[in-house]
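Asks: Just passing along the structure, written as structure tokens.
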Amino acid sequence: MEQRRSKQLFDRAQQLIPGGVNSPVRAFRAVGRQPFFVERAQGPWLFDADGNRYLDYVCSWGPGILGHAHPRVVEAVQRACGGGLSFGAPTAGEVELAERISACVPDVEMVRLVSSGTEAVMSAVRVARGFTGREKIIKFSGNYHGHSDGLLVKAGSGLMTQSVPDSAGVPAGYAACTLTAVYNDTESVRRLMEENAGQVAAVVVEPVAANMGVVPPKPGFLAFLRQITRQTGALLIFDEVITGFRLALGGASEYTGVHADLYTFGKIVGGGMPLAAYGGRRDVMACVAPLGAVYQAGTLSGNPVAVTAGIETLKTLMEDTGIYERIDRRAGRLAEAFRRRGLTVNRAGSLLSAFFTPGWGEQEGSVTNYEEACQCDREAFSAYFNRMLERGIYVAPSQFEAMFVSDAHEDELIERTCEAIGESVL
């Protein structure tokens, strides 16, 4: 597969951009090759700078639930661009998008639009602290909540090990307020709550983890988080930057039956444009300025072009809820293909991950936390990735990212992918 133009672009990029990319995983270092540079996309396909075509299961890391360049979304965005790109003033579109978010997720009684998932989670945590008057939060090892200082923290060697920053440049003081529990382990949460009684403002969790590979919650885990936060006066925050409007139209609360106090959304809510949101209970969100004392602002928050993309995407999902059945069924077909090759597969709706941990069993959910995910064979994954790419199929260039299915991945393409899986997993 010729990638001469992509190589030239990467060589140029490395002179001015750290690592040659504007987000680390794009560098393809985990799979031992240089990245290809995308020129355009349509439906389920990516086209690179050398004219190669790839069947895309990254979907821009989730927002492409309808496929790339969906005509309805593109036409609406083009109209919006004709009216101006940014105003720094309210628009009717912001109101409509807020109404649609609340209609899909009734727990979101008030919502604030922002520009990225990182900003949404950072803001939700600030609101939780302002509302409760407490400083500490509990997160889970392997859950990614963006790159704000207070959330770039890992657990260390054990539950009681002092949290340390997971990135240079993060003051230790930020880490001290972030407690790290084990995903799917209720006892680890209980112990942290007991040892920090009256100090925890919120528990923030990916209701279905998707940044250590896809790891669904064990039965009862989210319900436990709901119960213990209510008992201790902490808030429960669902980070749905990935799962929002993908697991179901109502996101994780509809999919799992568990309801949070605050939610964060990204990816799909902006139709692939730089837009995100946080929201939840009215009494909690009333803390946000100008109603309350928790300050958050942004010149590009509620950008009219991004809002338009979000509105049209949600409109399409609300009008054709059969999309969820189709993408769920197709993801299930891919999961079967991986299992036939002896891999462990975790799946939640149209999100799935095949873990290169042969012999762990054939049931979904057998990888249950970050420690187990880290035991996979990364070299085997790298070889699989490269064999798939040579067949024109693009999956995430990391064992710890999800595989996304869109409505543009029609059945014939799914079957073609299953055949490639059979040939690429050795």
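The values are calculated or read from the model by the stated rules, or taken from the named source; none is laboratory data. Only a predicted model underlies this, so the values are computations on that prediction, with no experimental measurement involved. Ideal geometry is used to build each Cβ from the backbone, glycine not excepted, and the neighbour counts take in all protein chains shown. Just so you know, the surface numbers come from the protein's heavy atoms only, side chains and all, with ligands and any DNA or RNA stripped out. Shrake-Rupley method; radii C 1.70, N 1.55, O 1.52, S 1.80 Å.
Asks: List the relative contact order of segment 23-99 as a percent without decimals, with contacts defined as Cα pairs under 8 Å and 6+ residues apart. Display every interim value, and only then the final one.
Replies: On the way: 52 pairs, mean separation 13.4, N = 77.
The normalised contact order for segment 23-99 reaches 17 percent.
Asks: Which one is right for this structure if P(r) over Cα pairs in 10 Å bins from 0, in percent is calculated from it: (1) 4, 19, 28, 29, 17, 3, 0; (2) 5, 22, 32, 28, 13, 2; (3) 4, 19, 23, 22, 18, 10, 3, 0?
Replies: (2)
Asks: Now for a separate question. Ranked from highest to lowest mean number of other Cβ atoms within 10 Å per residue, what is the order of the peptides 65-74, 90-99, 315-324, 205-214? Don't jump to the answer; show the numbers that get you there.
Replies: Details: 65-74: 19.1, 90-99: 16.2, 315-324: 14.5, 205-214: 27.5.
With the highest mean Cβ count within 10 Å placed first, the list reads 205-214, 65-74, 90-99, 315-324.
Asks: Here's another thing I want to ask about it. Which whole-number percent is the relative contact order of the chain (Cα, under 8 Å, 6+ apart)?
Replies: Details: 873 pairs, mean separation 90.8, N = 426.
Over the chain, the number comes to 21 percent.
Asks: Follow-up question, since we're still on this one. In Å², and per residue, what accessible area does the chain have when probed at 1.4 Å with the other protein chains present? Please list the in-between numbers first.
Replies: Values: 17780 Å² over 426 residues.
Result: 42 Å² of accessible area for each residue.
Asks: Over the chain, what percent of the accessible surface lies on carbon and sulfur atoms, probe 1.4 Å? Let's see the in-between values first.
Replies: Values: 8880 of 17780 Å².
In the chain, the share of accessible area belonging to carbon and sulfur is 50 percent.
Asks: What nm distance separates the two modelled labels at LEU291 and THR321, each placed 7 Å from Cα along Cα→Cβ?
Replies: About 2.7 nm separates the two model spin labels.
Asks: Shifting gears a bit: If each of GLN15 and ARG190 carries a label point 7 Å out from its Cα toward its Cβ, how far apart are those two points in nm?
Replies: 6.1 nm
Asks: Just the number: Rg to Rh for segment 1-145, Cα atoms, Kirkwood Rh, two decimals. Write down the numbers at each step before the final one.
Replies: Details: Rg = 19.9 Å, Rh = 19.3 Å.
Result: Rg/Rh = 1.03.
Asks: In whole Hz, what ³J(HN,Hα) sequence does segment 251-260 give by Karplus (6.51, -1.76, 1.60; θ = phi - 60°), x for Gly and Pro?
Replies: Computed from phi, the couplings for segment 251-260 are x, 5, 5, 6, 6, 9, x, 9, 10, 9 Hz.
Asks: Mind jotting down the distance between the C-alpha centroids of segment 195-260 and segment 1-75, whole Å?
Replies: The two parts, judged by their Cα centres, are 32 Å apart.
Asks: In addition: So if I restrict to the alpha-carbon atoms in segment 28-104, what is the Rg, and what is Dmax, the biggest pairwise distance, in Å?
Replies: 16.8, 47
Asks: For segment 131-279, compute Rh as the Kirkwood radius over C-alpha pairs and then the Stokes-Einstein diffusion coefficient at 20 °C and 1.002 mPa s; write the answer in µm²/s, rounded to an integer.
Replies: 138 µm²/s
Asks: Using θ = phi - 60° and the Karplus curve 6.51 cos²θ - 1.76 cosθ + 1.60, what whole-Hz ³J(HN,Hα) does each residue of segment 381-398 get, with Gly and Pro shown as x?
Replies: The phi angles translate into 4, 4, 5, 4, 4, 5, 5, 5, 5, 5, 8, x, 10, 9, 10, 4, x, 7 Hz.
Asks: Once you have the Kirkwood Rh of segment 320-426 from its Cα pairs, apply Stokes-Einstein at 37 °C and 0.692 mPa s and quote D in µm²/s. Each step should come with its number before you reach the end.
Replies: Values: Rh = 14.0 Å.
In µm²/s, the coefficient rounds to 235.
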